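The values are calculated or read from the model by the stated rules, or taken from the named source; none is laboratory data. Because the structure is predicted, anything quoted here is derived from the model rather than measured. All Cβ positions, glycine included, derive from the backbone under ideal geometry; neighbour counts span all protein chains shown. Note: areas computed on protein heavy atoms with side chains; ligands, DNA, RNA excluded. Shrake-Rupley method; radii C 1.70, N 1.55, O 1.52, S 1.80 Å.
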Amino acid sequence: MVVDTLGGRMHVRWDEGAAATPNGQLVFFAEFLAAAGVFDRWVEACPLAYTSPNAPGKRDVLGTLVLAILAGHKRYAHVTALRGDAVASQALGMNKVVSEDALRRALQRIDEPSSEAWLRPALLDSVREALDRPWVLDIDASIKPLYGRQEGAELGYNPHKPGRPSHVLHTYWVGNLRLVLDVQLNPGKQHTSV
C-alpha cells in the first residue's frame, strides 16, 4: 500500500508474523495531516524561535511532542522511547526525534500569552465545523493531586488525597461529540464548575 505523508511517499506492507508496534497506524494519520495541511500550519504558526545553528528544528521539536502524545506518553522521560523510531519521524517530515531535555527547554521558551495565541486558534479550527449545529456545553472539573511544590497549588477539595494541595482542570466539551473546546488549569480551591 502506498501512503503519501509529510515526509514523502511511504510503502506499507503488513507482516502477520512480526511483532506489533504502537505506532503502526501513524503513517495513515500522517497522510491525513499531509492532505489537510494541519500539522504544517501548526508548526508554521508556533512562536518558538532559535538563533543558534546547533538548535533543533521547530518541526523536530513539535513533531517529537506529537509523537509522544500519540504514543500515550505522559512524562518527558518517556520521550526517550521514541528516539529509535526512524519511520515515525520520517512520516511527519522530521529530521530527528529530539531529546526530552530539548523538548522541555523548547516548551519553556514559549511564554504563556504567545502559546495561547498559537494554540487556541488551532484548537478551534479542529472543531469549528461541528459547531454550526445546535450543541450542549459540558463542563467537567477534575482534581489533580500534586506532589512537591508546583505553581498555583492550593489546599482545597481533594477527594483522592485529603489535605494535599491540588490543581483543578476545568474541561469544556461539546456534549455527545466529546470535542474539547478548552481546558483551564485552576488552583485547588476553584473546584466548582460555576
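Say we look at the stretch 26-48 and pick out the residues that are of a type in the set (Gly, Ala, Ser) and touching a residue at least 60 places away in the same chain (Cβ under 8 Å); which of these is nearest to residue 66 (Cα to Cα)?
The extreme case among them is 30.
Sort through 48, 92, 62 and tell me the only one that's touching a Lys or Arg at 6+ places or on another chain (Cβ under 9 Å), open to solvent by less than 80 Å² (accessible area, probe 1.4 Å) and modelled with pLDDT of 90 or more.
Exactly one residue qualifies, and that residue is 48.
Going by what's in this entry, would residue 194 be described as more than 24 Å from the chain's Cα centre (by Cα), modelled with pLDDT under 80 and open to solvent by 90 Å² or more (accessible area, probe 1.4 Å)?
Criteria met by residue 194.
Can you confirm whether residue 182 is modelled with pLDDT of 75 or more, among the acidic types (Asp, Glu) and in the same structural domain as residue 75 (by the TED database)?
no
Please find, among 84, 72, the residue that is open to solvent by 70 Å² or more (accessible area, probe 1.4 Å) and at pLDDT below 90.
84
Return the residues of the stretch 41-98 that are within 25 Å of residue 111 (Cβ to Cβ) and hydroxyl-bearing (Ser, Thr, Tyr); say none if nothing qualifies.
50, 51, 52, 64, 76
Anything in the stretch 95-116 that is surrounded by 13 or more Cβ atoms within 10 Å (Cβ to Cβ) and assigned to a loop (DSSP other than H, G, I, E, B)? List them, or say none.
Scanning the stretch 95-116 gives 95, 96, 97, 98, 99, 110.
Inspect the stretch 150-163 for any residue being in a strand (DSSP E or B) and not assigned by the TED database to the domain that holds residue 39 and give the result as yes or no.
Yes, some residue in the stretch 150-163 is in a strand (DSSP E or B) and not assigned by the TED database to the domain that holds residue 39.
In this structure, is residue 53 free of Cβ contacts under 8 Å to residues at least 24 places away in the same chain, in the same structural domain as residue 98 (by the TED database), surrounded by fewer than 16 Cβ atoms within 10 Å (Cβ to Cβ) and part of a loop (DSSP other than H, G, I, E, B)?
So residue 53 fits the description; yes.
Scan 133, 149 and give me the residue that is basic (Lys, Arg), under 28 Å from residue 48 (Cα atoms) and modelled with pLDDT under 85.
Details: 133 fails: under 28 Å from residue 48 (Cα atoms).
Answer to the selection: 149.
Out of (1) open to solvent by less than 90 Å² (accessible area, probe 1.4 Å); (2) in the same structural domain as residue 12 (by the TED database), the odd one out for residue 122 is which?
(2) is the only condition that residue 122 fails.
Among (1) outside any loop (DSSP other than H, G, I, E, B); (2) within 26 Å of residue 177 (Cβ to Cβ); (3) free of Cβ contacts under 8 Å to residues at least 60 places away in the same chain, which single condition is residue 121 missing?
Of the numbered conditions (1) outside any loop (DSSP other than H, G, I, E, B); (2) within 26 Å of residue 177 (Cβ to Cβ); (3) free of Cβ contacts under 8 Å to residues at least 60 places away in the same chain, the odd one out for residue 121 is (3).
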